[in-house]
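Some notes on the structure that comes next.
Only the coordinates and a few stated rules stand behind these numbers; no lab work does. As the structure is a computational prediction, the values presented were derived from the model and not from experiment. Neighbour counts run over all protein chains shown; Cβ positions are idealised from the backbone, glycine included.
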Ligand SMILES: Nc1ncnc2c1ncn2[C@@H]1O[C@H](COP(=O)(O)OP(=O)(O)OP(=O)(O)O)[C@@H](O)[C@H]1O
Ligand SMILES: [Mg+2]
């Protein structure tokens, strides 16, 4: 589904991605964690080309992520992305936020887009907010709208970049519950998150990054209970002590 | 607060006019006294410029917006050479004083073209090019003020570059630019007065002509000030209404970070 082959990326002198090799299979849930600045966001943003990698190859469903504009539109239409800061369109109602992609990018008709939007709002449990503006919703609701906006594209993969770290603690669980449901339905997911409870619950594979490298990866049971890498151990101790 | 200010602005000149009707030897309001036949004829003459002022302003503003918008697209293009072309355009047209560009177009351009241009057309060309540079800069600034996350969200749902601008970026950019754009419209209204130099029969030209025959500059130019005051007030009122209508549905920019970055285990 997604494959990184010896991927490198630099920001000036900073080697943000250093020889990344990674496979995400269809239906697999991968959680990415690691200290701040280790390149987690950069890693997942390379998948839909919000960042460009400089060496190596990234394949999404067999298509190489590249400069080709049309190929990237196609790749992006198959990949949903949820951001830390929600990034809803503030000048559009919730419903319009959800309909824009299907109508403009997928060529779905107005009516179909509306019923699709309502279906996914129902799915994230806020059907009654359809006509409000994003600014009128709580953070947790905004993030669920953002998830629904991605789902409306009926993507093959969902990427999450710290979806709960801008939220007040009492809103985190509503967003995590939505994500767990998605996982249970079999969605392929790549999540950058420090929510270790979530990772244990849904992840098939947990990846630990440090200084641009993947230093450890494995099934959550193994990863949490018996980390082999020194850095991973330190990191987990910090997070659990928190 | 605002209303009181406007009342003051309107009442003050009216008082001046009334005071002047006493006809001291300094004031001679008879030239524009609507009770006198002569005053009425003069007023009519002065007001006959208003139509030209409005027409010229409308033409310049419309053209400047169209050109400025097109040019601003070059300013936000991802191509370096296009950005450079944009910079050159903006720097050139912003740095020529508007009067100079009017004179250049009216007296200079016909030499190149080998055909005369009428004053109205010349002034329209010169002033709309001048204004377009400013409008392009305002719009480019508006686009740059839109958060990066908005571009990324639009990219992530696979919008084309055109759709991203059309549906996500420009609506937000234009809303934010409205106060500055409104300001620009007022500036262009006032700048239309420069067309008097090449003989467009707008309000300043009319006032000059009457002033020369009547020798009453104080009264006539006071009337001119009032004409502009009314025109500008009408324009500002229109702009504020537009701002309200467009701004009503965007409280504040989304993204709502709630601050706490707690990592709960
Ligand atoms: N556009 C950019 N230009 C230059 N440096 C950048 C840019 N984006 C990120 N970086 C740097 O690259 C490094 C990795 O960034 P990245 O956002 O991928 O880290 P992260 O693991 O997601 O961290 P966090 O947990 O803080 O989100 C950081 O040191 C960051 O400062
Ligand atoms: Mg990050």
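List of remarks:
- Using a Förster distance of 35 Å, the FRET efficiency for residue B:148-residue B:121 (Cβ separation, nearest 0.05): 0.20
- Using R0 = 30 Å, the C-beta based FRET efficiency linking residue B:73 and residue B:112 works out to 0.60.
- Max mean-square fluctuation residue, GNM over chain A, Cα-Cα springs under 10 Å, options A:41, A:217, A:138: A:138
- Full extension of the chain between residue B:190 and residue B:35 yields a length gain of 52.8 nm, computed as 0.36 nm times the residue separation minus the alpha carbon distance.
- Between helix A:110-123 and chain A there is an angle of about 50 degrees, using the helix long axis and the longest principal axis of the Cα atoms.
- Gyration tensor over alpha-carbon atoms, chain A, equivalent ellipsoid semi-axes in Å: 30, 22, 15
- A Förster radius of 56 Å combined with the Cβ-Cβ distance from residue A:119 to residue B:103 puts the calculated FRET efficiency at roughly 0.30.
- For segment A:43-113 versus segment B:167-188, the gap between their alpha-carbon centres in whole angstrom: 29 Å
- Rounded, prolate or oblate (a/c below 1.5 giving rounded, otherwise prolate when a/b exceeds b/c) for the protein assembly as shown by Cα gyration tensor: prolate
- Compared with the dominant Cα axis of chain A, that is its longest principal axis, helix A:139-151 is turned about 90°.
- Of the residues A:169, A:155, A:220, the one that moves most in a GNM of chain A with alpha-carbon contacts below 10 Å is A:169.
- For chain A, relative contact order (Cα pairs under 8 Å, six or more residues apart, normalised by length) works out to 26 percent.
- Note on chain A: GNM, Cα springs under 10 Å; of A:43, A:182, A:137, the largest mean-square fluctuation is that of A:137.
- Ascending count of other beta-carbon atoms within 10 Å, so fewest first, for B:53, A:193: A:193, B:53
- The alpha carbon gyration tensor of segment A:3-118 gives principal lengths a ≥ b ≥ c with a/c of 1.5 or higher and a/b greater than b/c, which makes the shape prolate.
- Shape of segment B:94-170, Cα gyration tensor, a/c cut at 1.5: prolate
- Pairwise label distance in nanometres, residue B:197 with residue A:211, each label 7 Å out on the Cα-Cβ vector: 6.6 nm
- Beta bridges per DSSP, both residues in the protein assembly as shown: antiparallel share near 55 percent.
- CD proxy at 222 nm, helix term only [per DSSP H run n ≥ 4: -39500 (n - 2.57); per residue of chain A; nearest 500]: -11000 deg cm²/dmol
- Distance in nm between pseudo-label sites at residue A:156 and residue B:80 (7 Å out along the Cβ direction from Cα): 3.6 nm
- Ascending count of other beta-carbon atoms within 10 Å, so fewest first, for A:49, B:40: B:40, A:49
- Euclidean distance of C-alpha centroids, segment B:60-82 and segment A:211-242, integer Å: 52 Å
- The simple spin-label model puts a point 7 Å past each Cα toward its Cβ; for residue A:228 and residue A:19 those points are separated by 1.5 nm.
- Value of D in µm² per second that Stokes-Einstein yields for segment B:37-248, Kirkwood Rh from Cα pairs, at 4 °C (1.567 mPa s): 68 µm²/s
- Between the Cα long axis of helix A:230-241 and the first principal axis of chain A there is an angle of about 50°, rounded to the nearest 10.
- Exposure proxy ranking, count of Cβ atoms within 10 Å, fewest first, for A:104, A:76, B:80, B:175: B:80, B:175, A:104, A:76
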